[in-house]
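What follows is a short report on a single structure.
Every number here is computed from the coordinates shown, using simple stated rules; none is lab data. If you're wondering where the values come from, they're calculated on a predicted model, not measured in any experiment. Positions of Cβ are backbone-derived with ideal geometry, glycine not excepted, and every protein chain shown enters the neighbour counts.
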Amino acid sequence: MRLKVLVIDRDASTAARRASELTESGYDAVGVAASGAAEALMRESVDSIVCSEGVRAEIERIYGALIPVVPGEGQPTAQIAKALARLARRSMSPTAQLSLASQLDDALANATLALEPIVHVKTGAIFAHRAALLPASLSLQDMEHIAGELGRVRELRRAMRSLAFEAAERGARLFVDCTLEDLMDPLLYEEAKNAKSMTLAIAERDVLVLAEKDARERLRVLRALGFELVVRIGTDIAGLTSVGVVVPSFAMIDLSDFGESGPVVTRVVASVVAACREVNVSVIAGVTTPEHATCARQTGCVLAVGPAVRVGPSA
């Protein structure tokens, strides 16, 4: 399979010319103006980006953490092709690759969903379930590491979403993590069959990595498809600005991030809850101890998830 390359330049004709040259060198290349990069990346799965110096800093800041960026300014096409070829090669031996690939294939083939209840803080009634991939033969951490080594993270995320959609077809209401890899995957924007049964949990840091215009458009499309959104925010109240970008139904905070339970933590969490309430966003508390569960009740969190959650009236 030929590698997919997106060529970006301020001038669309220059980008198209470079893309044509790379196509002749054996790549599946598409050229776009910088203003059309975000839209192109919503349509296409891209292996690498080649960009001119004029847009390099911006492209690397927005997409460099996820997609390799190769500078193309003043470089002959043959030199760029060599750089792309080096990126395509893995440093490990073919034997090691085959061994890891076999482990990952087996883990993906036999993976199931782990479902964790999300309950109403006041009543303990189950509202939904948080879904995570549950490999049979590897730990999830090992599975994610191997997928990263082999360049198969997108495949892993797609497997997770596929299992979640299958569960949604059977009537489950699920909260599923939506990573930066997911947001950059064009297939996500085609998977709307059971969107109304799915809430996508998006990390604040992933929203901030993307350019604000790009992030807003991707999230607008997901909401239009029927997905509900939840933003996972940290301890910095200033980070609540991501709520304005995501426009979520819920915000999720992990109470263990705030330190040992006590009056100070309770006041801080109450401030976060109050700030979210002002923009009509309900808070889901991640609770790992009975003290966290108490804090969630005292501060007005609507839902709770985690080891300290108890289903039923005693919650």
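In table form, for the structure just shown:
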| read-out | value |
| --- | --- |
| For the stretch 10-157: Kirkwood Rh in Å [reciprocal of mean 1/r, alpha carbons] | 18.4 |
| Charge dipole magnitude, Cβ of K and R +1, D and E -1 - the stretch 181-315, Cα centre, debye nearest 20 | 500 |
| Angle in degrees between helix 290-299 and the longest Cα principal axis of the chain, rounded to the nearest 10 | 90 |
| Global geometry of the stretch 4-88, whether rounded, prolate or oblate, following the gyration tensor of its Cα atoms and the 1.5 cut on a/c | rounded |
| Hull-based mean projected area of the chain, where the convex hull spans the alpha carbons, in square nanometres | 17.7 |
| Given charges at Cβ of Lys, Arg, Asp, Glu: the chain dipole, positive-most of Ala81, Ser99, Gly259 | Gly259 |
| Relative contact order for the chain, counting Cα pairs under 8 Å that sit 6 or more residues apart, in percent | 14 |
| Helical contribution to [θ] at 222 nm, DSSP H n ≥ 4, -39,500 (n - 2.57), averaged over the chain, rounded to 500 | -14000 deg cm²/dmol |
| Cα gyration tensor, the stretch 163-315 - rounded (a/c under 1.5), prolate or oblate | oblate |
| Helix 53-63 axis, angle to the chain major axis (alpha carbon atoms, nearest 10°) | 30 |
| Residue-count net charge about Ala111 - beta-carbon cut-off 14 Å; Lys, Arg +1, Asp, Glu -1 | -2 |
| Reachable lysines, given that their alpha-carbon falls under 22 Å from the alpha-carbon of Lys82 and they are not under 8 places away in the same chain | Lys4 |
| Net charge dipole size for the stretch 4-88 [Lys, Arg +1 and Asp, Glu -1 on Cβ; Debye, nearest 20] | 140 |
| Relative contact order for the stretch 4-88, counting Cα pairs under 8 Å that sit 6 or more residues apart, in percent | 30 |
| Check: the chain dipole with +1 on Lys, Arg Cβ and -1 on Asp, Glu Cβ, in debye | 520 |
| Between the stretch 173-241 and the stretch 1-34, the alpha-carbon center distance in angstrom | 29 |
| For peptides 212-224, 175-187, sequence by mean Cβ density within 10 Å, most packed first | 175-187, 212-224 |
| Mean separation of Cα contacts under 8 Å, 6 or more apart, over the residue count of the stretch 170-301: relative contact order % | 19 |
